[in-house]
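Asks: Here it is, the structure in full.
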Amino acid sequence: MVQIPREKKLDSTLDVFRDGYTFLQNKSDQLQSDIFQVRLLGMKVICLHGPEGARLFYDPERFMRKGAMPKRVQKTLTGENAVQTLDNEKHHQRKEMFMSLMNPGNIHRLMALISQEWQQAGKSWENKEEVILFKEAQDIFCRAACAWVGVPLPNDKVRKRARDLGWMVDAFGAVGPKHWRGKRARRRSEKWIAKIIKQVRAGKLLVDDKLPVAVMANYRDVNGKELDVNMAAIELLNLIRPIVAIAWYVVFAALALHQYPVTRQKLLAGTANYDELFVQEVRRFYPFAPFLGAIVRKNLTWNNYFFPQGTLVLLDVYGTHHDARIWERPDAFYPERFQDWQESRFDFIPQGGGDYSNGHRCAGEWITIEALKISLHYLVKGIQYRVPPQNLHFSLSKMPTLPESGFVINRVKRAENFSSVIEAMGCPFHRKR
C-alpha cells in the first residue's frame, strides 16, 4: 500500500479562500501528485486531479453523494435533499425524470423561447445608454426558463426573480453577508415556486401535463408517493436556476469575443462548426465550477492507495481543464482544440463527468451548450455594439467569479434582416447520452 501524499499544513482552509479555483491545482503541483490529502475545517480530505481521478470519482459503486455537499451549499445553491444529494435507486428514478425532459422537442422549444427573448432584449437595448450584459442575460434566461417550465412570470417580477436565482448561485463558497443573501433568496424562491405547485395540484393553474411544472407536481418517488410541496419546488428550481446561471457563461463568451477578435471573424465567416468549438472552449477556459465532492461508500484501494469509508473526496474541475498534460497550451483560448476532441467523459467535466443516466453528470448540459450557441449567434450576428472602457478583470479567488463590470456594452444596434437565430443556426438539438 502506498501512502497518499499529504499537505504539511495543519489546515488548508484559508488557502481555499486565497487560491479559489486554483487551490487544488496548486496543491497538486506542489506535491507532484494527482492524488493528495489535505485538511479542510479540521477534516481529512482526499483530492483527485485529472481524468484518471475523474473516472474513479464517477464510479457510483465506489462513491456516493449523500453527505458530500455541505448544508450551507444546499441552503443556497441546490436546495436541501435535492437530486444532487441522492444515491442508488432514489437518485436513478429522480434523475430519470429530469432526463425525460431533455428530449429534442423540449430542448428546441426552450431554444426558441431563448431566441425570442434575445430579440426582444435587442429592441430595448437600442434605447439604452449602456447595457450590463450579465443582468440582461439573467433576465433573458429567467423569462425563457419560466415560460419553458410553465411558471407564470409577470414582467414586473422578472428582475426580482432573476436576481434571486443569481444570488443563489453567487452564494456558492461564500461566507458572511453573501451567504446570508443567498439563503434569503432561496427561501423567497422556494416559497414562490411552492405556491405554483399547489396551484397546479389543486387545478387552479391549468397547464399541459407535459410541461415540467406539471411533471414535477405529479412526480411520484420510489415508494409511489407524491413529493412534498417544498421538495417539488426545490426540484423545479433545479431546472430554472441552472438556466439562469448560463448568464455567467454568456458574459465569458462576450469577453472572449472582445479579447480574441479573430474568433468573431471566424463566426461571422460561418466557419463550419466553429460555434460549437467556441462554446466548448468557453466552458473549458473560463472558471465556473471549481471542484466537486463525493463520499467513499466503503473502504477501497485504487492504484495501491487506500480510501477509508466515509472520507470526503474532492475532484479538481478547474485544474483538470488547465492541465498541460491533457490540453496543449491550456492557458490559451483556442477553440480549434475541440476539432479532434474524442468527447471523453472524464477529461472535460465543466458540468460533471461520467454517464448522464446513472451518474451525477448534469442533465441540462445539452441545454447549456445550445443556449450558449443561440446567445453567441445573437451577440455576433444579431446586434452590433461597442465595449466601452471598464474593469473586465475577474478574480480566481472568488467562486463563482465574473468580470467586475458585468460586461457593459453601449451603442447597440440591431442587425437588419436578422429575425431568427434558430433558423440561422439550423440547430438539430440532438446529442449523445
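Asks: Among the residues of the stretch 334-345, are any modelled with pLDDT under 95 and under 17 Å from the mean Cα position of the chain (by Cα)?
Replies: yes
Asks: Looking only at the stretch 377-409, filter to residues that are part of a loop (DSSP other than H, G, I, E, B) and among the polar types (S, T, N, Q); which one of those is surrounded by the most Cβ atoms within 10 Å (Cβ to Cβ)?
Replies: Selected residue: Thr401.
Asks: Checking the conditions here, which among Arg39, Arg94, Arg72 is within 19 Å of Gly354 (Cα to Cα) and either aliphatic (A, V, I, L, M) or surrounded by 14 or more Cβ atoms within 10 Å (Cβ to Cβ) (or both)? Break it down stepwise before answering.
Replies: Working: Arg39 fails: within 19 Å of Gly354 (Cα to Cα); Arg72 fails: within 19 Å of Gly354 (Cα to Cα).
Every option except Arg94 fails the conditions.
Asks: Here's a follow-up. Examine the stretch 102-120 for a residue that is within 23 Å of Leu205 (Cβ to Cβ) and not in a helix (DSSP H, G or I), and state whether such a residue exists.
Replies: So far as the stretch 102-120 goes, no, none of its residues is within 23 Å of Leu205 (Cβ to Cβ) and not in a helix (DSSP H, G or I).
Asks: Can we say Leu113 is under 24 Å from Ala214 (Cα atoms) and not β-branched (Val, Ile, Thr)?
Replies: Considered against the rule, which asks whether it is under 24 Å from Ala214 (Cα atoms) and not β-branched (Val, Ile, Thr), Leu113 comes out as yes.
Asks: Any residue at all in the stretch 91-107 that is at pLDDT 95 or above and either acidic (Asp, Glu) or in contact with a Ser or Thr (Cβ under 8 Å, 6 or more places away or on another chain) (or both)?
Replies: No, the stretch 91-107 contains no residue that is at pLDDT 95 or above and either acidic (Asp, Glu) or in contact with a Ser or Thr (Cβ under 8 Å, 6 or more places away or on another chain) (or both).
Asks: Just for the stretch 335-367: of the residues that are within 23 Å of Asn273 (Cα to Cα), of a type outside the set (Phe, Trp, Tyr) and touching a His at 6+ places or on another chain (Cβ under 9 Å), which one is surrounded by the most Cβ atoms within 10 Å (Cβ to Cβ)?
Replies: Ile349
Asks: Checking Gly176 against (1) surrounded by 15 or more Cβ atoms within 10 Å (Cβ to Cβ); (2) at pLDDT below 95, which single condition isn't satisfied?
Replies: Here Gly176 meets the rest and fails (1).
Asks: With respect to the numbered conditions (1) free of Cβ contacts under 8 Å to residues at least 40 places away in the same chain; (2) of a type in the set (S, T, N, Q); (3) touching a Gly at 6+ places or on another chain (Cβ under 8 Å), which one is the sole condition not fulfilled by Asn238?
Replies: Condition (1) is where Asn238 drops out.
Asks: Now for a separate question. How many residues are hydrophobic (A, V, I, L, M, F, W, C) and more than 15 Å from Gly166 (Cβ to Cβ) when one looks only at the stretch 177-191?
Replies: Here the count works out to 1.
Asks: So Lys66 passes all but one of these: (1) among the charged types (D, E, K, R); (2) more than 29 Å from Leu165 (Cα to Cα); (3) in contact (Cβ under 8 Å) with a residue 40 or more places away in the chain; (4) in contact with a Leu (Cβ under 8 Å, 6 or more places away or on another chain). Which condition number does it fail?
Replies: (2)
Asks: When you look at Asn238, is it polar (S, T, N, Q) and in a loop (DSSP other than H, G, I, E, B), yes or no?
Replies: no
Asks: What is the residue count in the stretch 23-74 for residues that are part of a strand (DSSP E or B) and in contact with a Cys (Cβ under 8 Å, 6 or more places away or on another chain)?
Replies: Number satisfying all stated conditions: 4.
Asks: Please enumerate the residues belonging to the stretch 193-215 that are touching a residue at least 40 places away in the same chain (Cβ under 8 Å), closer than 25 Å to Lys160 by Cβ and within 26 Å of the chain's Cα centre (by Cα).
Replies: Ile193, Ile196, Leu211, Pro212, Val213, Ala214, listed by residue number.
Per-residue answers, yes or no, for (1) within 22 Å of Ala162 (Cβ to Cβ); (2) in contact with an Asp or Glu (Cβ under 8 Å, 6 or more places away or on another chain):
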{"site": "Thr78", "(1), (2)": "yes, no"}
{"site": "Ala82", "(1), (2)": "yes, yes"}
{"site": "Lys90", "(1), (2)": "no, yes"}
{"site": "Gln93", "(1), (2)": "no, yes"}
{"site": "Pro104", "(1), (2)": "no, no"}
{"site": "Leu113", "(1), (2)": "yes, no"}
{"site": "Gly122", "(1), (2)": "yes, no"}
{"site": "Glu129", "(1), (2)": "yes, no"}
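Asks: Select from the stretch 145-158 the residues that are part of a helix (DSSP H, G or I) and of a type in the set (A, V, I, L, M, F, W, C) and list them in ascending order.
Replies: Ala145, Cys146, Ala147, Trp148, Val149, Val158
Asks: Among (1) under 19 Å from Tyr385 (Cα atoms); (2) outside any loop (DSSP other than H, G, I, E, B); (3) not hydrophobic (A, V, I, L, M, F, W, C), which single condition is Arg161 missing?
Replies: With respect to (1) under 19 Å from Tyr385 (Cα atoms); (2) outside any loop (DSSP other than H, G, I, E, B); (3) not hydrophobic (A, V, I, L, M, F, W, C), Arg161 is out only on (1).
The values are calculated or read from the model by the stated rules, or taken from the named source; none is laboratory data. Note that the structure is predicted; figures quoted are calculated from it, not measured. Positions of Cβ are generated from backbone atoms using ideal geometry, with glycine treated the same way; all protein chains shown enter the neighbour counts.
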